[in-house]
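Quick notes on the structure that follows.
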């Protein structure tokens, strides 16, 4: 696995390619990019600033990658998360999973994103023309994460 | 023990971290938050709604009823918005 926290823009395509480079046993790569948008509820976003808990953020992400690797037959996982000031169009978070068949890669990527949204110690502040406000956590993110703790069929293609 | 604050809790308290020495009667995370509230207006404001205060002890998420004895570092923060 590779888990990285970075404070400057990175390229999702480069990270995705690195996951399967040199390997011919991988049949499926699923890559997700979470991107900073330019508006929310009609209000323009100038930037996001992401604060994090150094040390715990990497450890918490790694714990969830280990759980994904235990639950699904994965051949590799890469997670990259930005911190600091992020502009619209820039990638905030990247999750990619590789496996032999697609079900494991799709499910593990979704599982990791649902957990990153609720358990990874990062906090977003939205900067607009005349304001800077902390984003509030959403109940639907907690609901999404909770569904992974009910018994869910693991990939077995 | 060291206590770290994040996001708007950090802003309201006015500092990112400090060293504290709670009395033995402060046993759990929620005891600690209640004790911190007494330290001043900024703390009372930061922790006015204890239901949204989350905690980690030595970098692991814990529930409010978890005992703090033995922990070297406690972090207090609002619900997370990463990802």
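Structure notes:
- Among the candidates B:69, B:46, B:55, B:34, residue that is within 11 Å of the chain's Cα centre (by Cα) and in contact (Cβ under 8 Å) with a residue 40 or more places away in the chain: B:46
- Scanning segment A:93-108 for residues that are part of a helix (DSSP H, G or I), surrounded by fewer than 24 Cβ atoms within 10 Å (Cβ to Cβ) and in contact with a strand residue (DSSP E or B) (Cβ under 7 Å, 6 or more places away or on another chain) yields A:102, A:106.
- Of residues in segment B:31-54 being closer than 12 Å to residue B:74 by Cα and out of contact with any strand residue (DSSP E or B) (no Cβ under 6 Å at 6 or more places or on another chain), the one surrounded by the fewest Cβ atoms within 10 Å (Cβ to Cβ): B:33
- Some residue of segment B:5-21 being within 12 Å of another protein chain (Cβ to nearest Cβ), surrounded by fewer than 20 Cβ atoms within 10 Å (Cβ to Cβ) and at positive phi: no
- All positions within segment B:28-73 that are in contact with a helix residue (DSSP H, G or I) (Cβ under 7 Å, 6 or more places away or on another chain), within 14 Å of chain A (Cβ to nearest Cβ) and more than 28 Å from residue A:36 (Cβ to Cβ): B:55, B:62
- If you go through segment A:7-62 and pick out every residue that is assigned to a loop (DSSP other than H, G, I, E, B) and in contact with a helix residue (DSSP H, G or I) (Cβ under 7 Å, 6 or more places away or on another chain), you end up with 1.
- Segment B:1-27 - residue that is part of a loop (DSSP other than H, G, I, E, B) and touching a helix residue (DSSP H, G or I) at 6+ places or on another chain (Cβ under 7 Å) and, of those, farthest from residue B:59 (Cα to Cα): B:14
- Consider segment A:42-89 and keep the residues that are within 20 Å of residue A:14 (Cβ to Cβ) and surrounded by fewer than 16 Cβ atoms within 10 Å (Cβ to Cβ). The one that is nearest to the other protein chains (Cβ to nearest Cβ) is A:84.
- Restricting segment A:116-140 to residues that are outside any strand (DSSP E or B) and more than 8 Å from every other protein chain (Cβ to nearest Cβ), the residue that is nearest to residue B:9 (Cα to Cα): A:138
- Scanning segment A:128-136 turns up no residue that is out of contact with any strand residue (DSSP E or B) (no Cβ under 7 Å at 6 or more places or on another chain), crowded, with 19+ Cβ neighbours inside 10 Å and free of Cβ contacts under 8 Å to residues at least 40 places away in the same chain.
Every number in this text was worked out from the coordinates using simple rules, so none of it is lab data. The structure displayed is predicted, hence computed values, not measured ones. Positions of Cβ are backbone-derived with ideal geometry, glycine not excepted, and every protein chain shown enters the neighbour counts.
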